[in-house]
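First up is the structure itself, then whatever we jot down about it.
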Amino acid sequence: MGIWIMAAVTFREAARKKMLWMALAAGCAFLILFGTGLHFQAKDFARHGMSPILRREISFTMLTMALYAVDLLAVLMTILTSVDTLSGEIASGTIQAVATKPVPRWQVLMGKWVGFVGMLTAYIAIMVGGVNAVTYFMANVTARHLLSGFLLIWMESVVLLSVTFAFAAYFSTLTSGILALGLHGLAFIGGWIEQLGAITQTPRAVTVGVIASMVMPSEALWRRAAFEMQSPLANAMRVSPFSTLSVPSMPMVFYAALYMTIALAIAVRRFSQRDL
Amino acid sequence: MTRSSDLAIRTRGLRKVFSGKVAVRNLTLDVPRGEVFGFLGPNGAGKSTSVKMLLGLAFPTSGEAEILGRPAGDVKARSKVGFLPEHFRFYDWLTPAELLKLHGRLYGMSQGLLRERIPSLLDLVGLTPHRDKRLQEFSKGMLQRIGLAQALLNNPELIFLDEPTSGLDPFGRRMVRDIIKAQRDRGATVVLNSHLLGEVEITCDRVAFIKDGEVVETRTLDIEAAEQNTVLIRACNVTAEMVKGLAQWTSSARYDGGRLAFSLSSNAVLPEVVRYLASAGADIYEVAPQRLSLEERFLQIVGSDRGM
């Protein structure tokens, strides 16, 4: 019961503080910008008499770029919105009135987590769905495996959320934010090292990338998502800047799920055992 | 001997160390149910840490603590506890009614019960006219009032009030005193942490002086049961024989300039002494037990050079 009460409070807080509405407004602005760009692109296709295959591939690339931007927005949204919820309330003492109620602490934490998962799910669904709707109506193109891609981006967000919670159970808001973003940055660089290693056929660089993905699997999930969503031709020809040269395997996806579970368990354990 | 089940609070050798610094050294305390109990001590004496350990917000390094017969921090025990935190920080994007509803739901209270309880509590703490404002618009005193309402929401058996009057005007202070009295009358135990010794003196049945994380002294504030008091009686027609006759109760009686002064081991015998003097022919105008004020005793214990 405590979980649902805290989840509802978290949702309500985001709405009252206008976080939810601002995120949606920024998302709409993004979709309008993307739609405008695609509109002009489509007009040029007609003017230059471009072949349908090339048109389709360019539209697919634009779709993947937009999804990449959505993925980055989701990463930032996840960390920035959730980083203060535990450490901020602990630092201000707001948590004291809640933690002295007859609700186990793990339920307080899980309630907040569920609330954020709900909000981020809605945000990612709207943004991924919106981008695909725009490309569908303007260029008749949608992601190859839309649901898999959505779920992988969603999972990336939930992994980061759990990691942010784990840091916030130990450290201050600022430190937790720096650590979570820093860890994602590490995965991001690792991902590119892995890609470049694959292009230049440098196995040791690929290994460095894989190790970075083990340390933080968030970026690997995006690269798997990009593989699932972008055009079959781009995947086959290995010409896209996104992920196709070294695709994270399904065991990496399962590893990410395990990673998330462990991060959440650490957050619960620490929050349940620490002084407030 | 008091049985454990009759105690609202029972601690034995409670100790808390933060990064090598001892916050609470050895807290051993019994607070019977139904008592209004004051925690007194200078800043850093360990009062708030002790309360936090009793509420399960902080975990003891060693020792035992029980509230309402269950281990401190136990989820079931918390359903019968109310708490007003010192800094009364709440979700300030809520209105007072919404805050009470949230906390009521965390207590597991039904919607129907909350519909009855919330308006009456808002009325009790004088916030009905502000029920639709958000807490971020509230003054310190108003936040303290809503915090108090929140602490009373579940009709708790044990209420911890940490500095409940620090932000309140005299009307607010009177309100808190009345609320504490009403809670005692319905049988609740109230633990009061306050720097305002005058408030504590008026409100509490008993106080514990805490210094360096230890209870240095507990002292009853009930005048009848008070120990070792000096009594000053303004009277005429007191003879030397009468003064001698007081030897059965006191060895320190002195009569000088219409004032008879003596000390008693307990105020309980004072009415008997007064009856004796009156029947022996003394004209009594005033009987004044001279209790050492809480502030004087506080300063004696903690030393006058230390702030609170």
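Conditions (1) in contact with a Gly (Cβ under 6 Å, 6 or more places away or on another chain); (2) surrounded by 17 or more Cβ atoms within 10 Å (Cβ to Cβ); (3) not in a loop (DSSP other than H, G, I, E, B), marked per residue:
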site	(1), (2), (3)
B:Ser252	no, no, no
B:Tyr255	no, yes, yes
B:Ala261	no, no, yes
B:Leu264	no, yes, yes
B:Leu277	no, yes, yes
B:Glu286	no, no, yes
B:Glu295	no, no, yes
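Just one of (1) at pLDDT below 95; (2) within 14 Å of another protein chain (Cβ to nearest Cβ) fails for B:Leu152. It is (1).
Checked against (1) within 14 Å of chain B (Cβ to nearest Cβ); (2) under 27 Å from A:Leu174 (Cβ atoms); (3) in contact (Cβ under 8 Å) with a residue 60 or more places away in the chain; (4) of a type outside the set (Lys, Arg), A:Val103 passes all but a single condition, namely (2).
Within region A:259-276, residues that are within 13 Å of chain B (Cβ to nearest Cβ) and within 14 Å of B:Leu55 (Cα to Cα) reach partners that are of a type in the set (Ser, Thr, Tyr) and assigned to a helix (DSSP H, G or I) with beta carbons closer than 9 Å, at six or more positions or on different chains, in the pairs A:Asp275/B:Thr49.
Among the residues of region B:104-118, is there at least one that is at the interface with chain A (Cβ under 10 Å from one of its Cβ atoms), touching a residue at least 12 places away in the same chain (Cβ under 8 Å), over 22 Å from B:Phe209 (Cα atoms) and of a type in the set (D, E, K, R)? Within region B:104-118 (the criterion being at the interface with chain A (Cβ under 10 Å from one of its Cβ atoms), touching a residue at least 12 places away in the same chain (Cβ under 8 Å), over 22 Å from B:Phe209 (Cα atoms) and of a type in the set (D, E, K, R)), the answer is no, since none of the residues qualifies. Do we have any residue at all in region A:126-140 that's away from chain B (no Cβ under 14 Å), outside any helix (DSSP H, G or I) and over 15 Å from A:Leu264 (Cβ atoms)? Checking region A:126-140: at least one residue is away from chain B (no Cβ under 14 Å), outside any helix (DSSP H, G or I) and over 15 Å from A:Leu264 (Cβ atoms). Name every residue in region A:142-162 that is surrounded by 22 or more Cβ atoms within 10 Å (Cβ to Cβ) and either out of contact with any helix residue (DSSP H, G or I) (no Cβ under 9 Å at 6 or more places or on another chain) or more than 20 Å from A:Pro248 (Cα to Cα) (or both), in order of residue number. Hits for region A:142-162 are A:Leu161, A:Ser162.
On the stretch given as region B:40-72, residues that are in a loop (DSSP other than H, G, I, E, B) and crowded, with 21+ Cβ neighbours inside 10 Å total 9. Here the condition is being among the aliphatic types (A, V, I, L, M), loosely packed, with under 15 Cβ neighbours inside 10 Å and part of a helix (DSSP H, G or I); of A:Leu33, A:Leu86, A:Leu38, it holds for A:Leu33 alone.
B:Phe37: assigned to a strand (DSSP E or B) and within 18 Å of B:Arg206 (Cβ to Cβ), yes or no? Yes, satisfied. Cβ-Cβ distances below 9 Å connect the following pairs, each with a first residue in region B:189-215 that is touching a residue at least 60 places away in the same chain (Cβ under 8 Å) and crowded, with 22+ Cβ neighbours inside 10 Å, a second residue that is part of a loop (DSSP other than H, G, I, E, B) and among the polar types (S, T, N, Q), and a separation of six or more residues or different chains: B:Ser194/B:Thr165; B:Ser194/B:Ser166; B:Val200/B:Ser194; B:Thr203/B:Ser194; B:Cys204/B:Ser194. Counting only residues that are among the aliphatic types (A, V, I, L, M) and surrounded by 23 or more Cβ atoms within 10 Å (Cβ to Cβ), which one in region A:170-194 is nearest to A:Val83 (Cα to Cα)? This residue is A:Ala180. Of all residues in region A:12-29, those that are more than 12 Å from every other protein chain (Cβ to nearest Cβ) and under 21 Å from B:Arg134 (Cβ atoms) total 3. Of note, B:Thr165 satisfies the criterion of being touching a residue at least 24 places away in the same chain (Cβ under 8 Å), farther than 28 Å from B:Asp6 by Cβ and either in contact with a Pro (Cβ under 7 Å, 6 or more places away or on another chain) or buried (at least 22 other Cβ atoms within 10 Å of the Cβ) (or both). Cβ-Cβ contacts under 8 Å between residues 6 or more apart (or on different chains), taken from a first residue in region B:229-254 that is touching a residue at least 40 places away in the same chain (Cβ under 8 Å) and among the aliphatic types (A, V, I, L, M) to a second residue that is part of a loop (DSSP other than H, G, I, E, B) and surrounded by fewer than 17 Cβ atoms within 10 Å (Cβ to Cβ), are listed as B:Ala235/B:Gly258; B:Met242/B:Ala280; B:Met242/B:Gly281. Evaluation of B:Asp132 against the conditions (1) within 23 Å of A:Val9 (Cβ to Cβ); (2) within 9 Å of chain A (Cβ to nearest Cβ); (3) surrounded by fewer than 21 Cβ atoms within 10 Å (Cβ to Cβ) shows that the sole unmet condition is (2). Candidates in region B:54-97 are the residues that are within 9 Å of chain A (Cβ to nearest Cβ) and aliphatic (A, V, I, L, M); of these, the one that is farthest from B:Asn26 (Cα to Cα) is B:Leu94. Among the residues of region B:80-98, those identified as out of contact with any strand residue (DSSP E or B) (no Cβ under 6 Å at 6 or more places or on another chain), part of a loop (DSSP other than H, G, I, E, B) and of a type in the set (D, E, K, R) are B:Lys80, B:Arg89, B:Asp92.
Every residue, every condition in (1) at pLDDT 80 or above; (2) of a type in the set (S, T, N, Q); (3) over 24 Å from B:Ser166 (Cα atoms), yes or no:
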{"site": "B:Thr203", "(1), (2), (3)": "yes, yes, no"}
{"site": "B:Phe209", "(1), (2), (3)": "yes, no, no"}
{"site": "B:Asp222", "(1), (2), (3)": "no, no, yes"}
{"site": "B:Gln228", "(1), (2), (3)": "no, yes, yes"}
{"site": "B:Val243", "(1), (2), (3)": "yes, no, yes"}
{"site": "B:Ala280", "(1), (2), (3)": "yes, no, yes"}
{"site": "B:Ala288", "(1), (2), (3)": "yes, no, yes"}
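The values are calculated or read from the model by the stated rules, or taken from the named source; none is laboratory data. If you're wondering where the values come from, they're calculated on a predicted model, not measured in any experiment. Using ideal geometry, Cβ is built from the backbone for each residue, glycine included, and neighbour counts are taken over all protein chains shown.
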